[in-house]
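Single-structure report; data block below.
The values are calculated or read from the model by the stated rules, or taken from the named source; none is laboratory data. Values in this document were obtained by computation on a predicted structure and should not be read as measured data. Each accessible area value is taken on the protein alone, full model and side chains, heavy atoms only, with ligands, DNA and RNA left out. Shrake-Rupley method; radii C 1.70, N 1.55, O 1.52, S 1.80 Å.
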Amino acid sequence: MKTLYFLISRLGKAILVVLGVVIINFMLIRMAPGDPASVMAGESGSSDPAYVEQLRQQFGLDQPTYVQLWTYLKGVAQFDLGYSYRERLPVFDLIIDRLPATLLLMACAFIFSIVLGILAGVIASRARYQGKRAWLDSVLMTGALLIYATPQFWLALLAIIFFSLHLGWLPPFGMETVASGLVGWDRIKDIVWHLILPTVSLGCFFMAVYARLTRASMLEVLGMDFIKTARAKGVPVNEIIRHHALRNALLPVVTFAGIQLGQMAGGAVLTETVFGWPGIGRLMFNALMQRDYQLLLGAFLVTSTMVVIFNLLTDLAYRFIDPRIQED
């Protein structure tokens, strides 16, 4: 019953947060300079004021802001996110078409970053704790700091230049080979081949953060009294690291991972743009450049919902890692 109450409480709060985000995004978009109707008229080669006014009426831009907001909220409740005048398709269909590519990239980058980050942090903390290979701790943490200090887009460009243009090992752009006609396992392998560079570029920054955070948390736990007691009883270091220290040290890492997942959704915009990855991030960038406000609002809504879901999953993971934690 406590778990059910926790889920209902968190879902209610999540819905309120998403609603607030929708309203704020709508108002911010409406405050942005420029008139979508004028942009549409300019793209069609017409600057006739009558034609511009016709477009404003067609897309409801002549209505008061509160009427437009209410109409938009009713549409969102019915999973109707509006119509993209640029793409000539419903916004919902465009986002659903691009969402799997973004989720695939984020999932791979998250797994890559958290697994390698935690592994590097554990190795560094163990080296520092035992004092036998302190140089390994310095090398790992210096490398993590160097990666953390490198801008994400710059790291992506360097990866393209070195691994694609110079060595020719990996494809530089896209999600799969154009007009290849591959099916089955051949297509899956082709997508995986294209996925390597975007995954590494997006995940390296977060991997560095997880490595440093895991190391700091592990060293803090390894200095506690129950670890000293285990050492005094003759428990091997490997068992202390795995069964005593790591689980307690993962709590702040899990918390930070939930926050970083939201930032990863934002970082996907740069990564998808640089690598030509056909996801929501690239769709948002194109919508912003073309002032396709309905598409931009829909993309904001989906990414905001993703962040809320990630935080809910983080809370659930917290309860799994440490059942002693009681939620309000």
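For segment 83-230, what is the accessible area per residue in Å² when the probe is 1.4 Å? Walk me through the numbers on the way to the answer.
Details: 8210 Å² over 148 residues.
Spelled out: the 1.4 Å probe surface of segment 83-230, per residue, equals 55 Å².
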Exposure ranking of TYR5, TYR66, TYR148 by accessible area [1.4 Å probe, largest first]: TYR66, TYR5, TYR148
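Computing the accessible area with a 1.4 Å probe over protein heavy atoms, can you report the carbon and sulfur percentage for segment 133-263? Before the final figure, lay out each step's value.
On the way: 5100 of 7430 Å².
Carbon and sulfur atoms account for 69 percent of the accessible area of segment 133-263.
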Solvent-accessible ranking of MET31, MET289, largest area first, probe 1.4 Å: MET31, MET289
Centre separation in Å (Cα based) which lies between segment 249-311 and segment 74-150: 10 Å
Stokes-Einstein D (µm²/s) once Rh is taken as the Kirkwood radius of segment 171-313 over alpha-carbon pairs, at 37 °C in 0.692 mPa s: 179 µm²/s
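Considering only protein heavy atoms, with the full assembly of protein chains and a 1.4 angstrom probe, order CYS108, CYS204 by accessible area, largest first.
Working: CYS108 40, CYS204 20 Å².
The ranking, largest first, comes out as CYS108, CYS204.
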